[in-house]
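The values are calculated or read from the model by the stated rules, or taken from the named source; none is laboratory data. Keep in mind that this is a model prediction, so the values were computed, not measured. Cβ: placed from backbone, ideal geometry, glycine included. Neighbour counts: every protein chain shown.
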Amino acid sequence: MNALQRIGVIVWYEWKRALAKKSLIALLILAVSFEVFPFMILSGSSFSFMGTNIRETMWLTGVLAGQSLFVQLIAMQIAGSSMSEEYEQGTADVLLSKPITRGQYLIGKFLGGILLLSFVEVITTVTALVLSYGIFGTQRDIQFVPVMFVAIIYSILVFYSLTFMFSEFLRRSNLAMFAGFGVFMVSQIAGIFSAFSTGQLYGGMAQLLPTWSATAFPVSLAADLNVSSGSFFVSALTLVVPGDTRLAAAIIAVYTLIFFLLAYVRFAKSDVTKKTA
């Protein structure tokens with residue numbers, strides 16, 4: 001069995017672990033519910049206040065609606081339990097007693113969570129498309145749906161990798177998720193404060209916040225592709241989180257690399273303890 005096959009085994013193990021906990025089903029229900037709720041509200045109201053452009057881009061509103069909060073929370077839930085649960089349940093030492101390196105194990109865990117999160121996002125995106133067509137009629141620019149899907153998954157990497165790192169450092173699922181959520185909330189509040197502040201200093205500092213790149217990248221990409229014209233939701237986000245697509249993409253890559261490397265160093269240099277109390 002080569003290195004890729006060993007990593008694949010760990011990726012599949014992550015999926016089986018999620019199914020065994022029923023967490024995947026719970027995440028899917030939450031994701032679909034979050035998509036259905038706003039469309040149900042809009043479907044019961046008059047569409048007279050909506051222009052044609054707004055109705056025809058409702059798929060983009062649905063796809064991006066949960067990206068800045070709900071999908072980030074799902075990412076933190078998945079990443080927070082990825083490494084730490086193996087210590088809590090005493091399975092880490094068993095898994096690493098197999099013919100697999102620590103690097104292969106860590107990469108498999110990391111990729112397994114991303115693929116699981118991607119599957120949840122697929123369901124969310126498909127739900128948004130079905131509801132948009134069913135309630136608001138024909139949608140335009142749907143050729144960009146795959147691009148926006150990839151952009152959302154990429155933007156999620158910031159808080160996914162951050163919480164993944166906490167999962168290895170703290171080795172407690174709840175602590176890791178709370179730590180990731182704490183950073184998310186502080187960054188979110190600081191970003192809102194900076195958005196209403198004047199001066200280039202505040203603007204530059206805001207762009208270094210994890211939430212800025214995570215939110216700005218898919219929104220600014222939609223604007224660059226001219227998909228967001230007519231979408232009131234995206235237009236509102238653009239005003240609050242003005243973005244630069246390339247800068248946001250670069251910041252996401254830097255944060256993800258740093259957090260993953262820190263998790264790797266911690267994992268490679270520390271002992272793999274048995275079941276924690």
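Mind counting the residues in region 4-18 that are surrounded by 12 or more Cβ atoms within 10 Å (Cβ to Cβ) and either closer than 18 Å to GLU121 by Cα or out of contact with any helix residue (DSSP H, G or I) (no Cβ under 6 Å at 6 or more places or on another chain) (or both)?
9
Pull up region 133-142, narrow it to residues that are more than 22 Å from the chain's Cα centre (by Cα) and not acidic (Asp, Glu), then point me to the one that is surrounded by the most Cβ atoms within 10 Å (Cβ to Cβ).
Within region 133-142, the match that is surrounded by the most Cβ atoms within 10 Å (Cβ to Cβ) is PHE136.
With the requirement that a residue be without any contact (Cβ under 8 Å) to a residue 60 or more places away in the chain and of a type outside the set (Val, Ile, Thr), what does region 61-94 give you?
GLY66, LEU69, PHE70, GLU86
Let me confirm something: among ALA263, ALA214, ALA268, ALA195, which residue is more than 20 Å from the chain's Cα centre (by Cα), of a type in the set (Gly, Ala, Ser) and modelled with pLDDT of 85 or more?
None of the others qualify; the one that does is ALA268.
How about region 66-123: which of its residues are assigned to a helix (DSSP H, G or I), in contact with a Lys or Arg (Cβ under 6 Å, 6 or more places away or on another chain) and either of a type in the set (Gly, Ala, Ser) or buried (at least 23 other Cβ atoms within 10 Å of the Cβ) (or both)?
Listed by number, the residues that qualify are SER82, SER84.
Any chance region 166-173 includes a residue that's in contact (Cβ under 8 Å) with a residue 24 or more places away in the chain, crowded, with 24+ Cβ neighbours inside 10 Å and not acidic (Asp, Glu)?
Within region 166-173 (the criterion being in contact (Cβ under 8 Å) with a residue 24 or more places away in the chain, crowded, with 24+ Cβ neighbours inside 10 Å and not acidic (Asp, Glu)), the answer is yes, since at least one residue qualifies.
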